[in-house]
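Before any comments, here is the structure.
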């Protein structure tokens with residue numbers, strides 16, 4: 001039993017790569033010559049952590065520009081490779097009054 005506890009204690013720091021903070025900014029537009037102002041963009045600020053080499057989770061707030069007062073934001077994702085295939089995916093959620101979710105999956109095949 002002592003060996004199992006020691007093994008778990010030594011493996012735990014390897015499983016969690018450490019916390020990080022991420023800022024993301026999105027802008028929607030129709031014409032390249034009219035992007036609008038920075039205050040009209042959507043900014044997201046999240047704290048996250050990597051779990052092993054292939055998984056991550058994040059949680060934070062979003063709003064206009066640098067005002068993160070509109071609602072909550074969360075994301076969880078994964079990535080792995082099998083041969084020449086690379087698969088990535090994530091679920092991204094945001095909440096103002098109710099949670100809304102978006103699921104994204106990418107599959108890439110590399111020829112060489």
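The values are calculated or read from the model by the stated rules, or taken from the named source; none is laboratory data. Only a predicted model underlies this, so the values are computations on that prediction, with no experimental measurement involved. Here the Cβ is made from the backbone with ideal geometry for all residues, glycine too, and neighbour counts use every protein chain on show.
Of all the listed residues (93, 37), the sole one being surrounded by 15 or more Cβ atoms within 10 Å (Cβ to Cβ) and over 18 Å from residue 20 (Cβ atoms) is 93. The number of residues in segment 52-67 being closer than 25 Å to residue 109 by Cα and assigned to a strand (DSSP E or B) comes to 2. Among the residues making up segment 66-90, those that are under 23 Å from residue 40 (Cβ atoms) and surrounded by 11 or more Cβ atoms within 10 Å (Cβ to Cβ) are 66, 67, 68, 70, 71, 72, 73, 75. Being touching a helix residue (DSSP H, G or I) at 6+ places or on another chain (Cβ under 9 Å) and at pLDDT below 95, is that true of even one residue in segment 87-102? No, there is no match, as no residue in segment 87-102 is touching a helix residue (DSSP H, G or I) at 6+ places or on another chain (Cβ under 9 Å) and at pLDDT below 95. On the basis of being surrounded by 10 or more Cβ atoms within 10 Å (Cβ to Cβ), modelled with pLDDT of 85 or more, in contact with a helix residue (DSSP H, G or I) (Cβ under 7 Å, 6 or more places away or on another chain) and on the phi > 0 side of the Ramachandran plot, does residue 52 make the cut? When the stated conditions are applied, residue 52 passes them.
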